[in-house]
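Please read the structure below before turning to the comments.
Nothing in this text is a laboratory measurement; each read-out follows from the coordinates by a stated rule. Model, not experiment: these values are computed from the prediction. Here Cβ is always computed from backbone atoms with ideal geometry, including for glycine, and neighbour counts include all displayed protein chains.
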Amino acid sequence: MAYLVLKLVHVIAVVLFLGNIITGLFWKSHAQRSKNPAVIAHTFQGIIRADRWFTVPGVIVIVTAGIFTAVLENIPILRTGWIFWSIALFLVSGVVFWMRVAPLQLRIAALAGSGRSEEQFDWPRYHSLARAWEIWGLAALLTPLAAVVLMVLKPELSGV
């Protein structure tokens, strides 16, 4: 029973984690279409806040529940390929998020929140930052999505 409860907690955390990332991409796109720097700033402040409330705690729950679930079932974490490579992909996502996505979010929020009107706003700088955020954000999204595929399909892969 403990295994199933931990597995459920793990899956719910994954859903919240990925859902938050995906909705962040949606809201950024929605705000950008407004062409209003104040709306963009507000949206990015919300995305940053949602990362604090859902993404970061989601990572903690995903990793903790995942490890305990494997331990309960006596699954060798690093020697089981689909677990090892899922962890590697999840780690890549975390590094991309902390090194690229999070700093870009802060810069975009600061730029958009500078109080400049639409006419005075530095749109070329915003578009450059936003494009980089989209590219790095996609990398931070696709890697855990690939991990989900590995976790569900459990293909025969080599671990370490």
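Before moving on, here are some points about what is shown:
- The chain: mean projected area of Cα convex hull, nm²: 9.5 nm²
- Residue order, fewest to most surrounding Cβ atoms within 10 angstrom, among Trp123, Trp82: Trp123, Trp82
- Panel order for Val101, Val63, Val152, Val14, by other beta carbons found within 10 Å of each beta carbon, from fewest to most: Val152, Val63, Val14, Val101.
- Helix 102-112 axis, angle to the chain major axis (alpha carbon atoms, nearest 10°): 20 degrees
- The ranking of Ser128, Ser93 by Cβ neighbour count inside 10 Å, starting from the fewest, reads Ser128, Ser93.
- Around the Cα centre of the chain, unit charges on the Cβ atoms of Lys, Arg, Asp and Glu (plus for the first two, minus for the last two) sum to a dipole of about 180 debye.
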